[in-house]
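K.L.:
Please read through the structure below; I'll follow up with questions.
Nothing in this text is a laboratory measurement; each read-out follows from the coordinates by a stated rule. Because the structure is a prediction, the values reported are computed rather than measured. No Cβ is skipped: glycine too gets one built from the backbone with ideal geometry, and neighbour counts run over all protein chains shown.
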Amino acid sequence: MDKEVFHDLLRLAIENGASDIHVKSGKPAVLRINGALKPVEMDPISSDEAREFVLSIIPDRFKKIWDDEGQIDFAFSPGGMGRFRVNGYRQRNTTSISFRYVQSNIPTFTDLNLDPTKLERLCKSRDGIVLVCGATGVGKSSTLAAMLNWINDNREAHVVTLEDPIEYNFPDKKCMFNQREIGIDTSSYALGLRSSLRQDPDIIYVGEMRDRITFETALTASETGHLVFSSLHSINVQQAILRLFEFFPPEQQEQMRRQVSESIRAIVAQRLVKAIEGGGRLPVLEILAMDGVSRNLIHEGMFDKIPSVLESGGEGGSQSFNKDLLRLMKAGKISKTDGLAASSNPKALEMNLKGIFLSDGGIIG
């Protein structure tokens, strides 16, 4: 099988709106379209063919990592097709490949059907940390790109990004962007983040908050006047907060609660819900924006109270998934059935649909 067959497969994926392409040795390729896996009618791809394709497109500097570790992440830009995030890996001594299609146009809040009001407020922050969370494949990178895009159009700032790999290429508009790729321009997020503090940034984007060292450095950056954006794998805001504190031993918990409560500006969690029109999926956001109440809950370690803050909203602009689901349902963009299925608290959403909401003082209608 020559390289052109793989190129044809990627073109087919783009034409059918696939977000991901999976190649498993001995099987036909599979596309993920609107969240569902769809096999492609084609001859099976052998392990040798998959391995030879990876070796033909992998940057030379990554070949030793592939040989030593059996897995590699890199960006691939076949002519005229945009960019793909590629993960090659070995399984059962054969080669598999996953491609994630990256749209060439940097999205706006409108493109993603996001309510811009609260996100623009976060983009105006002068310092602190903004985390966007969610499971793999829910569009965290696109939401963060839309936030950086808004900043590029509305603020004058030096933005340094650390990405693995670089997905969207940001042109300099009002901002100056320096985009660094892990494994090519710097060896790790932690090292690149420490180095960025000597590069006079106003805003730093860290592709993923993976470990304690990276998070500690992000805290230092925020405390010295920088605004840091990053992502974290967690299904909701409450889980994201718990994950942050898992980075630290018990004896440091009290100190870190104080630091985190002072440095975090917001935690945004994201899910995707099937759209009524167009066959695609729309993002739904849960937002914990820091105000006096939410900051105190984190400082005191009362993480079990977070869901009630999200439901009531608070002064800082927090919102539950239900509030955003309600927005999309009222706009006729998602069905009631799909909205309730995506909700963490469908009974409360049913009440919201009837005009009954939870306030700080109780139930209001």
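K.L.:
Rank the residues Ile97, Ile213 as a footprinting-exposure proxy: fewest other Cβ atoms within 10 Å of their Cβ go first.
P.N.:
Values: Ile97 23, Ile213 15.
By the 10 Å Cβ count, ascending: Ile213, Ile97.
K.L.:
If you line up the Cα atoms of segment 228-365 on their principal axes, what length do they span on each, largest first, in Å?
P.N.:
50, 35, 22
K.L.:
For segment 82-176, what number results from the quotient of the Cα radius of gyration and 2.2 N^0.38 Å?
P.N.:
Details: Rg = 15.6 Å, N = 95, 2.2 N^0.38 = 12.4 Å.
The reported ratio for this selection is 1.26.
K.L.:
Right, another one. Where does the chain land at 222 nm, in deg cm²/dmol rounded to the nearest 500, when only DSSP H runs of n ≥ 4 count, each adding -39500 (n - 2.57), divided by all residues? If you can, show how the numbers build up before the last one.
P.N.:
Values: 14 runs with 136 residues, N = 365.
Helices in the chain give a 222 nm mean residue ellipticity of -11000 deg cm²/dmol.
K.L.:
Once you have the alpha carbon radius of gyration of the chain, what is it after dividing by 2.2 N^0.38 Å, with N set to its residue count?
P.N.:
Working: Rg = 21.5 Å, N = 365, 2.2 N^0.38 = 20.7 Å.
Rounded to two decimals, the normalised Rg is 1.04.
K.L.:
Okay, moving on. What list do you get for Ser77, Ser142, Ser312 if you sort them by fewest beta carbons within 10 Å? Don't jump to the answer; show the numbers that get you there.
P.N.:
Values: Ser77 13, Ser142 21, Ser312 17.
The order, fewest Cβ neighbours first, is Ser77, Ser312, Ser142.
K.L.:
I need Tyr205, Tyr89 ordered by Cβ neighbour count within 10 Å, fewest first. Let's see the in-between values first.
P.N.:
On the way: Tyr205 26, Tyr89 16.
Result, fewest neighbours first: Tyr89, Tyr205.
K.L.:
Given R₀ = 45 Å, FRET efficiency for Leu242-Glu4 by Cβ-Cβ distance, to 0.05? Display every interim value, and only then the final one.
P.N.:
Numbers: r = 48 Å, r/R0 = 1.07.
E between Leu242 and Glu4, to the nearest 0.05, is 0.40.
K.L.:
Continuing with this model, one more query. Have a look at segment 3-102 and give its Rg and Dmax from the Cα atoms, expressed in angstrom.
P.N.:
12.7, 36
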